Amino acid sequence: MLGRLASTRLQEIRRIFTQPSSVRSLSTALNYHIDSPENNPELPWEFSDVNKEKAKEILSHYPSNYKQSAVIPLLDLAQQQHGGWLPVSAMNAVAKVIEVAPIRVYEVATFYSMFNRTKVGKYHLLVCGTTPCMIRGSRDIESALLKHLGVKRNEVTKDGLFSVGEMECMGCCVNAPMITVADYSNGSEGYTYNYYEDVTPERVVEIVEKLRKGEKPPAGTQNPKRIKGGPEGGNTTLLSEPKPPPCRDLDAC
Amino acid sequence: MASSLRHGFTKARSPILSRTRWLSSESQALVETRIPDVGIISGIPEQHLKRRVVIYSPARTASQQGSGKVGKWKINFLSTQKWENPLMGWTSTGDPYANVGEAALTFESEEAAREFAEKHGWDYTVRKRHTPLLRVKSYADNFKWKGLPKSEEE
Amino acid sequence: MGLGSLASRALRPRAARLLLGSQRTMVTSTPELKNPEPSTAAQPEPPAAADLPPRTPVGGARIHFANPDDAIEVFVDGYPVKIPKGMSVLQACEVAGVDIPRFCYHSRLSIAGNCRMCLVEVEKSPKPVASCAMPAMPGMKIKTDTPIAKKAREGVMEFLLMNHPLDCPICDQGGECDLQDQSMAFGSDRGRFTEMKRSVVDKNLGPLVKTVMTRCIQCTRCVRFATEVAGVQDLGMLGRGSGEEIGTYVEKLMTSELSGNVIDICPVGALTSKPFAFKARNWELKGTETIDVTDAVGSNIRIDSRGPEVMRIVPRLNEDINEEWISDKTRFCYDGLKRQRLNDPMIRGADGRFKPVSWRDALAVVAEMAHKVKPEEIVGVAGQLSDAESMMALKDFLNKMGSNNVWCEGNGSNRDADLRSGYIMNSSIAGLEKADAFLLVGTQPRVEAAIVNARIRKTVLSNQAKVGYVGPEADLNYEHQHLGTGPDTLLELAERRHPFSSVLLNAKNPAIIVGAGLFERKDKDAIFSALATIAKYADAVRPDWNGFNVLLLKAAQAAALDLGLVPESENSIESAKFVYLMGADDVNLDKIPSDAFVVYQGHHGDRGVYRANVILPAAAFSEKEGTYVNTEGCSQQTLPAVPTVGDARDDWKILRALSEVAGVKLPYDTVGTLRSRIKTVAPNILNIDEREPATFSFSIKPETTQKMDLTPFGTAVDNFYMTDSITRASKIMAQCSALLLKK
């Protein structure tokens, strides 16, 4: 009896899984390092002089015996300096600055998906894949981008300009779907991280083409009928002056 | 044989058991003789009544598995004697007590093991049982304040 | 009160229900778990404590009350226990004799609280609490076998087994696996997980630790061990979520001398022993509780053997000596016991080759040669693995032959053995934890005694103890100041010219640790007198604290000095005509005159054999019963685990037989009578498992007219993995020294 029960359950499960499953893979980044000519511990890596000052400023936020608190800002700085990704030697450099064992930095860098440990394009396009954006068609946007650029996810185009990644919710659900463009073309000084909201598969291709030409497409919502996060076509509620809240009796608190 | 064994065990369990008996020889002189209680009556070969054994309590495994078997006492018969089967060349223990100590005998307490050894007339030594020491540990220690920064590094 | 009984207690309600004949045919394994409610509502209060059988702490644990006033009372399953303030709920349960299932918690590591297996119910707590991370509060009512606790465990177990492969039949941990045991005791008999299991790339951690990372349950015990105890921050937890894995990120071998312990602490088969892989199942093994002789620490070990073969060595608990750790040398030297063994008495023929002979012939030749030379030309050297019994027999035999030139290698040629405090670790290994400043002189504890080094490291981490080190450049795995390389620094310290002197002065319990490598120096007395000066001004030797320690290198050293194995004259070996090497391989063999007759009695065909004229095969430490005194003066005994090889005999028996052939019969026939002889010389050696502190402390400054030689201190141990004849014969140790030693 149990056997039958189990086999029917198994069949049910199989049915669910034989449905064309999406191309989504869960995690693509490896959690270990493989030496390559462009990423190995022997390569020298150092903060640039400007960034050394910045690093000093970041470290000054923390007590001198809690330097390891600066690991995330420093990794971010290193990533901006190194064109959007962290080679193992950059992590070692950060470990040296904050005086911890390198493995402690690797742990942090592998934990956060925002730290790229493989090469990315100068423009790293991050498509939001969380529920509201997904419902509003983020998968189509991603496939449009991938098709237009002719790459797979987390792959860099041949000219080294673009790569597409996925990110979880970036808090822009009101204007879903959205993509983020992390611009590493100008190093850490000219680094920008812009949201492009209300995108459509056509619009993202236009954005990519503009970026390719070196233009800076206006960030924010791409829906001309919308002002920032407001509703399309102007406000529909809160049309009158907002009423002040009834005064609370503060003494009663 | 079986009855004599049983007899021996009931005797061993009785509280008024005395391990020394006073035998009077013909010359009326009292001679104190130590006789292993089980030994004589059980038919155990005499060479096994004069063994040296070690009483110990097996340590908890280092891999921190369950503690069910911890705290029991065992007897190590110090037997490493092996015997090779001349026909097949298999090696087996050359001592009937080897597996008794390893697998068969466990005691709830050191005293029980001592008594058992005494009963058999074995010359025993007892190994100290090592127990863990519980110290106060706290999860919060992971986040303990490291103290003020060293001034010279300022 | 083990897992099994705990589980059976938890299962009892179900059994009762079955007996009542309820006709449930549930698919879930345990009906009462369908709706677990807080036990206060469901169950009547447990009977008063008086009715409960008295409980003893798990494993007979003792409780350390730092401050007796801070005791609080909590109730575990209705049974009141007194525990010190600040203990966790899990520890309180342990005191009450309830073994809480756990994976990530380890009593000697920091608390991680990430496996959630130790969930218990606490009254008035809305949810089950992770008992390892929750401090026990006064009056807390902890319930460990309620439906809530049981369901929580079952749920955690199901999660843990989700990604755990079902490869127990081919897993080396099978049969001694925490996950296996606990899933039997607390798990459900089925899971609901039908997706693909995760798989993880195996890591290469070196020649000792085999990894099958797919089996890992992310308890992080190995990460914490490497970071906290071993002091090599190589392992880490990488990634997040289901992709989380243990690793080193960049390929790196684990270069700790304690790395083998991760095999023990791993609750699953993710980290297993590489040399032991697929060799035996743990239930086939016979465990013999004995001690280790590869260094002077005397770590407590269990030799697991199958038939006549040593299969593996695992540590056993001894809070005073090795806690629960052993060094890699101790753990993996065992394959040396099977190689290069001497199994028959042999005599070197005229052609320079050894010819096997009978014991009778060999002994007759030795006795004849011994009588041919003058008594003062007879020299005996005990090897570093010798036990006290055989050293006593050697000394007695040589004395009866008329010679008093008998010593133990490593003790130097002019060591005086009168002051016991001058050669043992006076503050004891466990006592080092009380120290707040260390001065290491000519010793690299990391390679000389890895377990002692772990203690020092523990102290440095917990007490912020300062460490000053005098000696050649060394890699100590804790914060230390390298004060200098030689005696000049020592002089500066003695004359309080050195900045570290103030550290020693301000310390409450300063500990000075001297390496036994200095025994071999000619200016040893001058060094010890400088050290006595330092100890004096630092107030290191007081009635309540003795911080003057000598860290010995070899297992036989302390017992040899206790027995008075000191040579009569310094240069006896150069003028020797008859040399009796009892397992001594590290004596300077070139110094022996070429016309001398050398007898090598030992178990391995090592250096000594090349110079020997006669070989008398002896038993190794795994095959004999012998007493050893460790560096802190605690005497312990080995027990035989496996039979000897070939025709080998116990060392003391060979000497006893030889004495009879030589006509100077030693008056002992049994180990018992031999021990009573030892009792007349050094009664402390027979005080097994007890540390015998030195009676006179190091207050008397050794009178010396020696001048200190300013050559820097050397290293006593060049290769941690190969220090004696057993480890030199070991293939695993050879692999380790090839791969792990820093070039």
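The values are calculated or read from the model by the stated rules, or taken from the named source; none is laboratory data. It should be emphasised that the depicted structure is a prediction, and the values quoted were computed from it without experimental measurement. No Cβ is skipped: glycine too gets one built from the backbone with ideal geometry, and neighbour counts run over all protein chains shown. SASA here: full protein model, heavy atoms, side chains in, ligands and nucleic acids out. Shrake-Rupley method; radii C 1.70, N 1.55, O 1.52, S 1.80 Å.
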Of all residues in the range C:627-641 being over 19 Å from C:Pro308 (Cα atoms) and outside any loop (DSSP other than H, G, I, E, B), the one that is farthest from the chain's Cα centre (by Cα): C:Thr627
Pair list, Cβ under 6 Å, 6 or more apart: the range C:101-126 residue closer than 13 Å to C:Gln91 by Cα, other residue surrounded by 19 or more Cβ atoms within 10 Å (Cβ to Cβ) and polar (S, T, N, Q): C:Pro101/C:Gln182; C:Cys118/C:Ser131; C:Val120/C:Ser131; C:Val120/C:Thr144
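What about C:Asp320, is it of a type outside the set (Lys, Arg), open to solvent by 10 Å² or more (accessible area, probe 1.4 Å) and not in a strand (DSSP E or B)?
Values: of a type outside the set (Lys, Arg): yes; open to solvent by 10 Å² or more (accessible area, probe 1.4 Å): yes; not in a strand (DSSP E or B): yes.
So C:Asp320 passes the test.
How many of the residues in the range C:373-414 are of a type in the set (D, E, K, R) and in contact with a Lys or Arg (Cβ under 8 Å, 6 or more places away or on another chain)? I'd like the intermediate steps shown before the answer.
Of all residues in the range C:373-414, those of a type in the set (D, E, K, R) come to C:374, C:376-377, C:387, C:389, C:395-396, C:400, C:409.
Pick out the ones that are also in contact with a Lys or Arg (Cβ under 8 Å, 6 or more places away or on another chain) and you get C:374, C:377, C:387, C:389, C:396, C:409.
Residues flagged as of a type in the set (D, E, K, R) and in contact with a Lys or Arg (Cβ under 8 Å, 6 or more places away or on another chain) within the range C:373-414 amount to 6.
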Tally, over the range A:108-137, of residues that are in a helix (DSSP H, G or I), touching a Leu at 6+ places or on another chain (Cβ under 8 Å) and buried (at least 22 other Cβ atoms within 10 Å of the Cβ): 2
Matching residues, the range C:335-357, being among the acidic types (Asp, Glu) and more than 39 Å from the chain's Cα centre (by Cα): C:Asp351
Residues of the range C:642-683 satisfying the condition of being buried (at least 21 other Cβ atoms within 10 Å of the Cβ) and in a helix (DSSP H, G or I): C:Asp651, C:Trp652, C:Ile654, C:Leu655, C:Arg656, C:Leu658, C:Ser659, C:Leu674, C:Ile678
Candidate set from the range C:57-79 (those that are assigned to a strand (DSSP E or B) and touching a residue at least 60 places away in the same chain (Cβ under 8 Å)); member that is nearest to the other protein chains (Cβ to nearest Cβ): C:Ile72
Matching option when the condition is facing chain A (nearest Cβ under 9 Å) and within 30 Å of C:Thr459 (Cα to Cα), among C:Thr227, C:Thr255: C:Thr227
Qualifying residue in the range C:614-621 (condition: closer than 18 Å to C:Met392 by Cβ, in the same structural domain as C:Cys408 (by the TED database), under 33 Å from the mean Cα position of the chain (by Cα) and in a helix (DSSP H, G or I)): yes
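Could you list, in sequence order, all residues of the range C:566-591 that are open to solvent by 10 Å² or more (accessible area, probe 1.4 Å) and of a type outside the set (Asp, Glu)? Even if it seems obvious, please write down each step before you answer.
From the range C:566-591, those open to solvent by 10 Å² or more (accessible area, probe 1.4 Å) are C:566-571, C:573-575, C:577, C:583, C:586-591; that's our starting set.
The answer is C:Val566, C:Pro567, C:Ser569, C:Asn571, C:Ile573, C:Ser575, C:Lys577, C:Gly583, C:Val587, C:Asn588, C:Leu589, C:Lys591.
Where in the range B:80-154 are the strands (runs of 3 or more DSSP E), entirely inside, with at least 2 residues that are more than 9 Å from every other protein chain (Cβ to nearest Cβ), free of Cβ contacts under 8 Å to residues at least 12 places away in the same chain and open to solvent by 70 Å² or more (accessible area, probe 1.4 Å)?
Numbers: elements: B:82-84, B:91-93, B:123-126.
Output list reads B:82-84.
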Long-range neighbours under 9 Å by Cβ, at least six apart or interchain, first residue more than 13 Å from A:Leu74 (Cβ to Cβ) within the range A:39-53, second basic (Lys, Arg) and surrounded by 15 or more Cβ atoms within 10 Å (Cβ to Cβ): A:Asn39/A:Arg117; A:Asn39/A:Lys119
Every pair of residues 6+ apart whose Cβ atoms lie under 7 Å, when the first sits in the range C:196-225 and is among the aliphatic types (A, V, I, L, M) while the second is part of a helix (DSSP H, G or I) and surrounded by fewer than 20 Cβ atoms within 10 Å (Cβ to Cβ): C:Val200/C:Met213; C:Val200/C:Thr214; C:Val201/C:Met213
Close pairs from the range C:718-743: first under 23 Å from C:Gln557 (Cα atoms), partner β-branched (Val, Ile, Thr) and not in a helix (DSSP H, G or I), Cβ under 7 Å, at least 6 apart: C:Thr723/C:Thr294; C:Thr723/C:Val717; C:Asp724/C:Thr294; C:Ile726/C:Thr294; C:Thr727/C:Thr294
A:Val100 more than 11 Å from chain C (Cβ to nearest Cβ), surrounded by fewer than 21 Cβ atoms within 10 Å (Cβ to Cβ) and of a type in the set (Val, Ile, Thr): no
Residues (under 19 Å from the mean Cα position of the chain (by Cα) and not in a loop (DSSP other than H, G, I, E, B)) located in the range A:202-221: A:Val204, A:Val205, A:Ile207, A:Val208, A:Leu211, A:Gly220, A:Thr221
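Would you pick out the residues in the range B:104-125 that are small (Gly, Ala, Ser) and farther than 25 Å from C:Thr56 by Cα?
So the first thing to find is which residues in the range B:104-125 are small (Gly, Ala, Ser), and the list is B:104, B:109, B:112-113, B:117, B:121.
Once the filter is applied, which keeps residues that are small (Gly, Ala, Ser) and farther than 25 Å from C:Thr56 by Cα, the range B:104-125 yields B:Ala117, B:Gly121.
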Of all residues making up the range B:60-79, the number that are facing chain C (nearest Cβ under 7 Å), closer than 17 Å to C:Gln637 by Cα and open to solvent by less than 30 Å² (accessible area, probe 1.4 Å): 1
Subset tally (residues that are surrounded by 16 or more Cβ atoms within 10 Å (Cβ to Cβ) and under 18 Å from C:Gly86 (Cα atoms)) for the range C:124-172: 11
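Find the residue count for the range C:81-103, including only residues that are out of contact with any Leu (no Cβ under 9 Å at 6 or more places or on another chain) and either within 11 Å of chain B (Cβ to nearest Cβ) or part of a helix (DSSP H, G or I) (or both).
8
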Residue match in the range C:297-306 (condition: of a type outside the set (A, V, I, L, M), closer than 30 Å to C:Val717 by Cα and open to solvent by 10 Å² or more (accessible area, probe 1.4 Å)): yes
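Just wondering, is there one or more residues in the range C:557-565 that are open to solvent by 10 Å² or more (accessible area, probe 1.4 Å), touching a Gly at 6+ places or on another chain (Cβ under 9 Å) and of a type in the set (Asp, Glu)?
So in the range C:557-565, the residues open to solvent by 10 Å² or more (accessible area, probe 1.4 Å) come out as C:562, C:564.
Narrowing further to those that are touching a Gly at 6+ places or on another chain (Cβ under 9 Å): C:562.
From what is left, the residues that are of a type in the set (Asp, Glu) are C:562.
Within the range C:557-565 (the criterion being open to solvent by 10 Å² or more (accessible area, probe 1.4 Å), touching a Gly at 6+ places or on another chain (Cβ under 9 Å) and of a type in the set (Asp, Glu)), the answer is yes, since at least one residue qualifies.
Among the residues of the range C:585-603, which ones are acidic (Asp, Glu) and over 26 Å from C:Asp647 (Cβ atoms)? Give the derivation first.
Filtering the range C:585-603 for residues acidic (Asp, Glu) gives C:585-586, C:590, C:595.
Those that are acidic (Asp, Glu) and over 26 Å from C:Asp647 (Cβ atoms): C:Asp590, C:Asp595.
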Criterion: within 11 Å of another protein chain (Cβ to nearest Cβ) and in contact with a Pro (Cβ under 6 Å, 6 or more places away or on another chain) - qualifying residue of C:Asp189, C:Asp202, C:Asp234, C:Asp178: C:Asp178
